[in-house]
Amino acid sequence: MTGDRPKRTRLRAGGKPRGAQLSGEARAALEEALSHVFKDRDLLDAAMTHPSALKGENVARYSYQRLEFLGDRVLALHMAERLFERRPKEREGSLAPRFNQLVNKSACATAARHAGLGPHILLGPSERSGGGAEKDNILGDVCEAVIGALYLDGGMKPASRFIEWAWTPVFEGLSGRTKHPKTLLQEWAQDHGLPLPDYDVVARDGPDHAPMFTVRAVVEGFDAVIRSGPSKSDAEAEAAEALLEIAEASDG
């Protein structure tokens, strides 16, 4: 151990730096936004690196994939504790859907946009030209990776501080709904005398350990909505939520 930096925060030790690296300007902007100066700068580099930016290098080690896995768990712990403390009278059945609204990929992407992460994501040329920095799944993954990097570099305090700030628009827009979006959409359709919503998986991309499902949701009388998520159920929930907003707006 050197100084006060634990070994576990190091992605690599000694030798020539590998992997993609942020510019000094990008690093300064991110550290200001995150309110944290990294002791291990490799962590921030990796958190902001999409696999497409790496050429023949260890993707698991130098991209955001492993940090995303950790950050997802840190985010879950923070949100579970937050709900447990702030809603002492609610049962588990009501807390669970609120929790899901806070940790799904759409919420993470919203937080990433609020934090200004998109312009600094390190992408390969093809992914960048394809608008990768604005894709919800990439923004969400990077946001979780940043949380993981903050946790490894400074512990729970900087990670929680970032979550509370970055999730401001999510908290503000959080509905009082406690039912699953698919249930709410089904109830809306029934109330309006329409057939039940229909969901179809139209694509499955990505490796087995990190799949991405794309689902098409339809309610009679409305254009289909297509949304993606890391599981079939997540994608269906995202599509149902989007379609419900359109349907409810038509009532007005």
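The values are calculated or read from the model by the stated rules, or taken from the named source; none is laboratory data. On a predicted model such as this, the values are computed, not experimentally measured, just so you know. Neighbour counts run over all protein chains shown; Cβ positions are idealised from the backbone, glycine included. Each accessible area value is taken on the protein alone, full model and side chains, heavy atoms only, with ligands, DNA and RNA left out. Shrake-Rupley method; radii C 1.70, N 1.55, O 1.52, S 1.80 Å.
State all residues of the range 98-117 that are in contact (Cβ under 8 Å) with a residue 40 or more places away in the chain and either in contact with a strand residue (DSSP E or B) (Cβ under 7 Å, 6 or more places away or on another chain) or surrounded by 17 or more Cβ atoms within 10 Å (Cβ to Cβ) (or both); if no residue qualifies, say none. Passing the criteria: 98, 101, 102, 104, 105, 106, 107, 110, 111, 112, 115, 117.
Restricting the range 55-69 to residues that are charged (D, E, K, R) and open to solvent by less than 60 Å² (accessible area, probe 1.4 Å), the residue that is modelled with the highest pLDDT is 68. Buried (at least 21 other Cβ atoms within 10 Å of the Cβ) and among the hydroxyl-bearing types (Ser, Thr, Tyr), is that true of residue 129? Answer is no for this residue.
Just wondering, is there one or more residues in the range 180-200 that are out of contact with any Leu (no Cβ under 7 Å at 6 or more places or on another chain), at negative phi and in contact (Cβ under 8 Å) with a residue 60 or more places away in the chain?
At the first step, the residues of the range 180-200 found to be out of contact with any Leu (no Cβ under 7 Å at 6 or more places or on another chain) are 180, 182-183, 187, 190-196, 198-200.
In the following step, the residues that additionally are at negative phi were identified as 180, 182-183, 187, 190-192, 194-196, 198-200.
Add one more test, that the residue is in contact (Cβ under 8 Å) with a residue 60 or more places away in the chain, and what stays is 180.
Yes: one or more hits.
Of all residues in the range 219-252, those that are farther than 19 Å from residue 140 by Cβ, open to solvent by 40 Å² or more (accessible area, probe 1.4 Å) and in contact (Cβ under 8 Å) with a residue 24 or more places away in the chain total 6.
Here residue 177 clears all of (1) open to solvent by 60 Å² or more (accessible area, probe 1.4 Å); (2) basic (Lys, Arg); (3) at pLDDT below 90 except the condition numbered (1).
Scan the range 236-246 and give yes if some residue there is within 21 Å of residue 78 (Cα to Cα) and of a type outside the set (Ser, Thr, Tyr), otherwise no.
no
Of all residue pairs spaced 6 or more apart or on separate chains, those with beta-carbon atoms under 6 Å, a first member in the range 21-45 that is touching a residue at least 24 places away in the same chain (Cβ under 8 Å) and a second member that is of a type in the set (Ser, Thr, Tyr) and open to solvent by less than 10 Å² (accessible area, probe 1.4 Å) are 40/9.
For residue 120, the conditions (1) more than 14 Å from residue 34 (Cα to Cα); (2) in contact with a helix residue (DSSP H, G or I) (Cβ under 7 Å, 6 or more places away or on another chain); (3) open to solvent by 20 Å² or more (accessible area, probe 1.4 Å) all hold with the exception of (1). Looking across 45, 72, one residue alone is open to solvent by less than 10 Å² (accessible area, probe 1.4 Å) and among the charged types (D, E, K, R). It is 45.
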